[in-house]
Amino acid sequence: MQNRRAHRWEHVHSPDDPPLAELAAHETLVPVVRALLGPKHYLEKAGLVVSHSGADAQRWHMDTPHLFACGTHLPPHSLSVFVPLCELHPANGPTEYQLATHMKANLVLKPRYALASCPPGSLVMYDPRIMHRGGPNQSDAERPLVYLTFSRIWYRDTLNP
Ligand SMILES: O=C(O)CCC(=O)C(=O)O
């Protein structure tokens, strides 16, 4: 387990663990991952993020950085997927996104925010370069999310566990 500040824990699993590997092969997910990352990709990381009652909002962050210091917008090298195991509603701190900030040019614009409020079992997919954060959990219950990170076959994330 990796501590993500007070009351927020990441449970790191092997991507080969059967329930997670099965989820990654779900018929809804497979064509989307293929369309975004091409045929040569793999499930790089899998696990859970559990935000417990009282967790503060995370700091805004990207999961992985832009690969090159160039002005050109490059296609995604990875894709992050969250599957909430409970309803995400404003009181338990759904993940919050700054729309379109996966493109460097948009980082200087006035942010537009979106909250991933959704029912359990939803698929929330995002480019890991987008600015996002887990919201504060002001409810009495824990808020577990399964995460899956798919990457192009040549990419390794060496910054995260
Ligand atoms: O808890 C969340 O909603 C987001 C978690 C996250 O972005 C992270 O742990 O890097």
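The values are calculated or read from the model by the stated rules, or taken from the named source; none is laboratory data. Not measured: the values here are computed from a predicted model. Don't worry about glycine lacking a Cβ; one is built from the backbone with ideal geometry, like all the others, and counts go over all protein chains shown. Just the protein is used for accessible areas: all its heavy atoms, side chains included, with ligands, DNA and RNA removed. Shrake-Rupley method; radii C 1.70, N 1.55, O 1.52, S 1.80 Å.
I'm checking my understanding of the structure. Among residues of segment 135-161 that are among the β-branched types (V, I, T) and under 17 Å from the mean Cα position of the chain (by Cα), which one is most open to solvent (accessible area, probe 1.4 Å)?
In this case the residue turns out to be T158.
Is it the case that segment 56-64 has a residue that's at negative phi, more than 12 Å from the ligand (Cβ to nearest atom) and touching a Pro at 6+ places or on another chain (Cβ under 6 Å)?
Scanning segment 56-64 turns up no residue that is at negative phi, more than 12 Å from the ligand (Cβ to nearest atom) and touching a Pro at 6+ places or on another chain (Cβ under 6 Å).
What pairs come up if the first residue lies in segment 72-95 and is aromatic (F, W, Y), the second is part of a loop (DSSP other than H, G, I, E, B) and at pLDDT 95 or above, and their beta carbons are under 8 Å apart, counting only those six or more places apart or on different chains?
Matching pairs, first to second residue: F82/A116; F82/L123.
Taking the condition of being surrounded by 15 or more Cβ atoms within 10 Å (Cβ to Cβ) and more than 22 Å from T149 (Cβ to Cβ), how many residues in segment 92-106 meet it?
2
Tally the residues that are assigned to a helix (DSSP H, G or I) and open to solvent by 70 Å² or more (accessible area, probe 1.4 Å), restricting the search to segment 11-42.
Total satisfying the criteria: 7.
Within segment 43-161, considering only strands (runs of 3 or more DSSP E) that don't extend past its boundaries, which have at least 2 residues that are over 18 Å from H7 (Cβ atoms)? Please lay out each step first, then the result.
On the way: elements: 78-84, 95-98, 113-115, 124-126, 132-134, 143-152.
Of the strands (runs of 3 or more DSSP E) lying wholly inside segment 43-161, those with at least 2 residues that are over 18 Å from H7 (Cβ atoms) span 78-84, 95-98, 113-115, 124-126, 143-152.
Return the pairs, sorted by first residue and then second, in which the second residue is part of a loop (DSSP other than H, G, I, E, B) and within 14 Å of the ligand (Cβ to nearest atom), the first residue lies in segment 137-155 and is without any contact (Cβ under 8 Å) to a residue 60 or more places away in the chain and under 26 Å from L43 (Cα atoms), the beta carbons are less than 8 Å apart, and the residues are 6+ apart or on different chains.
Once the first residue is without any contact (Cβ under 8 Å) to a residue 60 or more places away in the chain and under 26 Å from L43 (Cα atoms) and sits in segment 137-155, no partner that is part of a loop (DSSP other than H, G, I, E, B) and within 14 Å of the ligand (Cβ to nearest atom) comes close enough.
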